[in-house]
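The block underneath contains the structure these notes are about, expressed in structure tokens.
The values are calculated or read from the model by the stated rules, or taken from the named source; none is laboratory data. For clarity, every value in this text was computed on a predicted model and none was experimentally measured. Cβ placement follows ideal geometry from the backbone for every residue including glycine, while neighbour counts extend to all protein chains displayed. Protein only, heavy atoms only, side chains kept; ligands, DNA and RNA dropped before computing areas. Shrake-Rupley method; radii C 1.70, N 1.55, O 1.52, S 1.80 Å.
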Amino acid sequence: MSEKTTTGREIDGALQKPQRQLAMVFDLNKCLGCHTCSISCKRQWTRDEGMDNQWWAVVNTMPGKGTPKNWEGMGGGWDEKGNPRPSKIPTRDEFGDAWKFNKEEVFYGGKGKTTYLKPVNAKGEDPEWGPNWDEDEGGGEYPNSHFFYLPRICNHCTHPACLEACPRGAIYKRDEDGVVLINDKQCKGFRFCMEACPYKRIYYNHVRDVGQKCIFCFPRVEKGVAPACARQCPGRLRFVGYLDDENGPIHKLVHKFKVALPLHQEYGTQPNVYYVPPLSPPAVDMNGKVDTSKPRIPTEYLEGLFGPRVKEVLAVLEVEKEKKAKGLPSELMDTLIVYKWPEDIFPDFVQDPANL
């Protein structure tokens, strides 16, 4: 009889759940699209050689093609019977390469009056795609154009397809908090993980020949400090905590109030990043007349992202918002508003890194 490991790998043929599971909830009604999360993560973790094009925390405009381009149609994860879904490895061009700019030509080459500052890709060509290439474009037609922002990181799934796809056993799930990590000393860059992940949140380092991804800032978490993307977020939309902590905001939003939903639950990996879906202004006609029976962001589109409970969740949010507006108590609204920072948004990780 084999013993339980500390890596969350298979025991007697079955993948064991960790003792506890760290999770995040993103309130999409508060996301500003400012990319502070992306920059804080970039400055903290992806500044080494071969990581120029890596954005472990991205914020995509939806509706949109996302990062990598058209990732939602690439496959991966598990089907309803638990079998791997056919997939592909996203290319470097689909992720969008790191750009350089013709600064020498414009500022020092004497062409400042005849040319302009523009990006060039790693091949020295005009880029045709990049992260957030379609930012703020959205969908719909005038006067009902619409968009919202969708922050994304690795989902640190309960049933991670990347882990089971790795022939090297380089990917493991920590038993103490459920964080999914890649051992880059064991990884050989085969990229089966990139193919298997349905969310396409794993990057390939072409210099070091290894896969790399979000690590849930585990060195910070171990010292009681919130992940960089969450702590730096000016919108206070990134809740962090353990799913089993009944007094914490994660458990309340996911299990008590049930307003936080997983992204593409049908992928079968049981993601541990959840989303409070965005409320929408009402639709209007060409004369500006408001139609309160129709939301500007189609409910069907949101259901395609977050599942069939979207309409129910939006109705709960509207009711609780109205209660709060009338001065009536609402624990749900109090939780989402975050009156006290940081204790109301990541109560287990309030340590200030400046004091360490």
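For region 71-100, give me the residue count where each residue is touching a residue at least 40 places away in the same chain (Cβ under 8 Å) and more than 12 Å from G130 (Cβ to Cβ).
Number satisfying all stated conditions: 16.
Failed condition for N60, given (1) open to solvent by 80 Å² or more (accessible area, probe 1.4 Å); (2) not in a loop (DSSP other than H, G, I, E, B), with all others met?
In the conditions (1) open to solvent by 80 Å² or more (accessible area, probe 1.4 Å); (2) not in a loop (DSSP other than H, G, I, E, B), N60 misses (1) alone.
Would you check if C162 is open to solvent by 10 Å² or more (accessible area, probe 1.4 Å), within 29 Å of D27 (Cβ to Cβ) and part of a helix (DSSP H, G or I)?
Spelling it out, C162 is indeed open to solvent by 10 Å² or more (accessible area, probe 1.4 Å), within 29 Å of D27 (Cβ to Cβ) and part of a helix (DSSP H, G or I).
Considering only strands (runs of 3 or more DSSP E) fully contained in region 191-270, which possess at least 3 residues that are free of Cβ contacts under 8 Å to residues at least 12 places away in the same chain and under 24 Å from R168 (Cα atoms)? Don't jump to the end; show me each part of the working.
Working: elements: 203-205, 210-212, 238-242.
So the answer is none; nothing clears 3.
Would you mind finding the one in K256, K324, K223 that is touching a Ser or Thr at 6+ places or on another chain (Cβ under 8 Å), modelled with pLDDT of 95 or more and among the charged types (D, E, K, R)?
Matching residue, one of K256, K324, K223: K324.
So which of P347, P271, P281 is in contact with a Cys (Cβ under 6 Å, 6 or more places away or on another chain) and open to solvent by less than 80 Å² (accessible area, probe 1.4 Å)?
Among P347, P271, P281, only P271 is in contact with a Cys (Cβ under 6 Å, 6 or more places away or on another chain) and open to solvent by less than 80 Å² (accessible area, probe 1.4 Å).
Go through region 167-190 and give me each residue that's open to solvent by 10 Å² or more (accessible area, probe 1.4 Å), over 21 Å from C229 (Cβ atoms) and outside any loop (DSSP other than H, G, I, E, B).
Within region 167-190, Y172 is the sole residue that qualifies.
Would you confirm whether or not region 40-48 contains a residue that is at positive phi, of a type outside the set (A, V, I, L, M, F, W, C) and surrounded by fewer than 17 Cβ atoms within 10 Å (Cβ to Cβ)?
The answer is no, given that none of the residues of region 40-48 is at positive phi, of a type outside the set (A, V, I, L, M, F, W, C) and surrounded by fewer than 17 Cβ atoms within 10 Å (Cβ to Cβ).
Using beta carbons and a limit of 8 Å, which pairs, at least six apart or on different chains, have the first residue in region 336-349 and modelled with pLDDT of 95 or more and assigned to a helix (DSSP H, G or I) and the second one among the β-branched types (V, I, T) and crowded, with 16+ Cβ neighbours inside 10 Å?
Short answer, once both residue conditions are applied: L336/V276.
If I ask for residues that are touching a Lys or Arg at 6+ places or on another chain (Cβ under 6 Å) and under 18 Å from Y203 (Cβ atoms), which ones from region 78-105 would you list?
Correct list: I89, P90, E94.
What is the one condition in (1) farther than 26 Å from E137 by Cβ; (2) in a helix (DSSP H, G or I) that P308 does not satisfy?
Among (1) farther than 26 Å from E137 by Cβ; (2) in a helix (DSSP H, G or I), the lone unmet condition for P308 is (2).
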